[in-house]
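What follows draws every value from the coordinates through simple rules; no lab data is involved. Here the structure is a predicted model, which is why all the values come from computation and not from measurement. FYI the Cβ positions are ideal-geometry reconstructions off the backbone, even for glycines, and counts take in every protein chain you see.
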Amino acid sequence: MDESTASPRRKLRLIHTSDTHLGGDWHLQLAEDTLAAVVDAVPRLGGDALLIVGDVFDHARVPDRVLEFFLEQMARLKVPAVVLPGNHDLYDDQSLYRRKPFSRQPANLHIFTQPQGEVISFPELTLDLWGRAMTLHTPEFRPLDGMPRSQADRWLVALAHAHFHFEDDRERRSSPIYPHDVAHAPCDYLALGHWDRHTDVSQGRVKAIYSGAPIDTAATGQVTVVDLDPDQGVITHQEIIAISGQQSAISVPSPLGGRADG
């Protein structure tokens, strides 16, 4: 490619996950070990940023110890970690993200807090991230409303914790997105959370992926690797990660192979 026409956008790799559900009653230690495995995988996979698309925590009543564990894990990263609150960890007046431990969050951690949507920019990465902080999980909350146009010199990646409605769906669900919403979204990649299974819901030119929960079995997990390439576009694949200390733990059902709500 001629230098005069070369894209100013950098080639990037994002690590996309969601629905870690820290602090829940079900497999509490496994959830923490899995998050630690995700953090370990980011530098090993060459990630330029980590995206966690909702339900980081299982509920707003988790103890401070769990919040502090999460912050310690994010502080281990040398790259940005970006969180979009979901329906289990809403950004409302009682949000756990407003609690004292988060007043000491590491500088590399960024949390979407604006219900009307906001852009979190990383100029050094030529990357803009956009998302709406969820304050209520209702059918009236439209996760993609208000998304801005992308800039020619930057990637635009949108984060949404949402329920995708297939054409044959008849039930109206909370935080909905529809095929035409995805097809007309002005982003380069749509990182989705809320379903615990990896699912591709791409429409038209827009690549849209549910990463699924990172827990696959008690001994392995998974993340979505997203390559943003100025020449080849957006390319994704699932990467299996080892969960340290869980080889002898009880097995849990695999989240791969279909859709399910988180």
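The table below lists the values:
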| item | result |
| --- | --- |
| Ratio Rg/Rh, restricted to the chain and using Cα atoms, in which Rh is the Kirkwood radius | 0.95 |
| Total charge dipole magnitude, segment 76-122, about the Cα centre, Cβ charges on Lys, Arg, Asp, Glu only, Debye to nearest 20 | 380 |
| Normalised contact order of the chain, rounded percent, pairs of Cα under 8 Å and 6 or more residues apart | 20 |
| Least to most buried among Ser7, Ser103 (fewest other Cβ within 10 Å first) | Ser103, Ser7 |
| Helix-only [θ]222 nm of the chain, DSSP H runs n ≥ 4, -39500 (n - 2.57) each, per residue, nearest 500 | -4000 deg cm²/dmol |
| For the chain, size of Cβ-based charge dipole, Lys and Arg +1, Asp and Glu -1, in debye | 360 |
| Shape call, segment 164-253: gyration tensor on alpha carbons, a/c limit 1.5 | oblate |
| Gyration tensor verdict on segment 1-99 (Cα atoms; rounded if a/c is under 1.5, prolate if a/b is larger than b/c, oblate otherwise) | prolate |
| Order of His194, His137 under a 10 Å beta carbon neighbour criterion, fewest first | His137, His194 |
| Charge dipole (debye, nearest 20) of segment 27-131; +1 at Cβ of Lys and Arg, -1 at Cβ of Asp and Glu | 280 |
